Amino acid sequence: MSTENEGTAAPTPPAAPSVPPAPASATQDAAPAPAVGEPVTQQLPPTPAPGTEPTQQIPPAQEPPAYGQAPQVPPAYGQAPAQAAHGAEGWPPPPPTVPAYGAGGHGGGAWGAPPATDGFPAPKPKGRGGLIAGVLVAALLAGGIGGGVGYWAAQRGNDGSGSTTISAANTPKDLKREAGSIAGLAAGALPSVVTIEASAGDGEGGTGTGFVYDQQGHILTNNHVVASAANGGKLFAIFSDGKRYDAEVVGRAQGYDVAVLKLKTPPAGLKPLPLGDSDKVAVGDSTIAIGAPFGLSNTVTTGIVSAKNRPVASGDGSGSKNSYMSALQTDASINPGNSGGPLLDGRGAVIGINSAIQSAGNGGFGGGQAGSIGLGFAIPINQAKNVAESLIKTGKPVYPVILVSVDLQAKSEGAKISEQGGAPNELVDPNGPAGKAGLKPGDVITEFGGKPVDSGPTLISMIWTYKPGDTVKLTYLRGGKPTTVDITLGSRVGDK
């Protein structure tokens with residue numbers, strides 16, 4: 001099966017997103033997720049080819065543990081009960097004759113633990129005994145050091161020189177932070193960032209992030225943050241001062257993973273975040289991410305732009321269609337709940353919307369929700385702005401298209417136009433942009449806009465950085481021979 005601009009069915013979830021349309025076909029509405037760039041991250045080796053790393057959308061954070069609830073702490077591994085005091089004063093304890101790892105192999109008794117009568121180490125304490133012993137040893141160590149320092153200070157104080165208290169000289173009365181510092185930029189941006197609570201009709205939902213787009217009360221965020229509440233659910237936007245406002249969906253673009261909300265009763269004095277130019281971002285530029293990771297609102301993290309134009313196909317793992325982006329990659333720590341939040345540059349201007357993360361294994365270490373490993377992806381703000389303006393004006397997204405069906409499972413050095421799954425005029429619309437430029441089923445697209453194309457998802461993410469009506473150079477192979485043509489992009493309104 002295949003869909004234009006998207007591709008042939010792939011066996012790995014989630015399903016592929018809606019993409020630029022092709023003529024009606026019974027097979028076009030069910031294109032699963034691509035095999036390249038998908039959020040299937042259970043297996044780490046072998047390393048995927050550059051530009052095809054599997055990712056997943058940052059899922060909305062689940063509710064955090066109740067306030068004051070103590071975490072369960074496991075006992076310290078190999079810890080032994082506190083030993084009898086050594087020497088007349090009980091300090092210091094004797095060093096072990098043989099370390100635990102050297103007496104009986106891995107998992108031997110703790111240092112200083114007396115052996116049992118049969119010559120083997122005493123059994124390890126169960127439950128929290130090991131942890132308590134560890135805490136006691138640490139407390140004794142700290143107390144011993146403190147006592148030694150105190151004795152030294154007392155001896156020094158007996159020379160008649162006066163108090164041993166030391167005061168720092170020239171301490172500033174007020175600690176002032178420059179407006180351009182991380183703290184200054186965060187202080188200026190936080191009042192314009194909101195935590196979004198979305199709940200479906202059945203009460204399920206999650207937490208994400210958004211930011212003030214204009215003074216009319218529009219909030220820019222990810223589609224996957226608000227999707228659960230789009231049909232009959234509830235949405236709330238909570239500002240950094242704790243004030244809570246009802247919100248509603250103005251429009252959603254599933255393929256771009258962008259959504260616009262509007263506060264039902266926006267407060268006076270809204271301050272939109274300034275928008276930067278994501279085309280001018282350079283690798284190594286400073287970044288600041290603001291969001292609500294795991295529900296922890298108003299969290300600020302920093303990093304750099306790690307890469308640009310990173311082709312990413314992301315999904316939320318629910319089996320819904322994918323989103324495609326030519327992303328900004330950052331090592332700023334972003335986690336579930338950062339979705340939809342702003343990625344700022346070193347001036348405090350928005351250069352992207354945090355949308356996806358690469359996770360290590362299935363749900364991170366030890367299961368549960370995925371977490372940051374330093375590979376985050378943001379939708380470039382230039383693209384997000386174009387989508388937002390369309391959603392505000394019409395409530396619907398507009399996608400640029402070339403009207404071909406891309407084989408997402410093809411093992412070729414480029415994006416191969418499908419040869420199966422439909423009639424030739426369905427695989428390449430003869431009246432569409434690609435058909436008019438002379439492309440046919442079986443052609444392999446290797447460059448788009450002067451940039452190399454290594455897969456179907458890469459081609460889709462590149463196409464969607466343009467606008468309908470733009471003319472772009474496209475290079476394709478037919479029989480091993482390259483041909484370059486100019487192609488004028490068509491348009492499709494709405495998600496399928």
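The values are calculated or read from the model by the stated rules, or taken from the named source; none is laboratory data. Because the structure is a prediction, the values reported are computed rather than measured. Heads up, the Cβs are rebuilt from the backbone with ideal geometry, glycines too, and the neighbour counts pull from every protein chain shown. Heads up: the accessible areas ignore ligands, DNA and RNA and are worked out on the full protein's heavy atoms, side chains in. Shrake-Rupley method; radii C 1.70, N 1.55, O 1.52, S 1.80 Å.
For Ser333, nonlocal amide neighbours, meaning residues 5 or more places apart or on other chains whose placed amide H falls under 5 Å from its own, are Thr302. Of the accessible area of the range 275-330, computed with a 1.4 Å probe over protein heavy atoms only, carbon and sulfur atoms account for 47 percent. Pairs spanning more than 26 Å between alpha-carbon atoms, out of Lys393/Lys451; Lys321/Lys411; Lys393/Lys467: Lys393/Lys451.
If only the Cβ of Lys and Arg carry +1 and only the Cβ of Asp and Glu carry -1, the dipole of the range 398-493 around its Cα centre is close to 120 debye. Using the Cβ of Lys436 as centre and a radius below 11 Å, the other residues enclosed give a net charge of -2, where K and R count +1 and D and E count -1. Near Asp285, the amide H atoms lying under 5 Å from its own belong to Val305; only residues 5 or more places off or on other chains count, and H is placed 1.01 Å from N. Coupling constants for the range 383-396 follow from the phi torsions by the Karplus curve (6.51 cos²θ - 1.76 cosθ + 1.60, θ = phi - 60°), and in residue order they are 5, 4, 5, 4, 5, 4, 4, 5, 5, 5, 6, 10, x, 10 Hz; glycine and proline get x. With a Förster radius of 41 Å applied to the beta-carbon distance between Asn309 and Asn231, the computed FRET efficiency rounds to 0.75. Note that the range 278-285 has calculated 3J(HN,Hα) couplings of 5, 6, 9, 5, 10, 4, x, 4 Hz, one per residue in order, obtained from phi through the Karplus relation 6.51 cos²θ - 1.76 cosθ + 1.60 (θ = phi - 60°); glycine and proline are x. Remark: the range 182-263 carries 35 Å² of accessible area per residue (probe radius 1.4 Å; ligands, DNA and RNA excluded). Would you please state which residues of the range 222-238 a label at Asp246 would reach in this model, taking the label point 7 Å out along Cα→Cβ and a backbone N cut-off of under 18 Å? Flagged as within label range: 229-238.
The charge dipole of the range 239-394, taken about its Cα centre with unit charges on the Cβ atoms of Lys, Arg (+1), Asp and Glu (-1) only, comes to about 300 debye.
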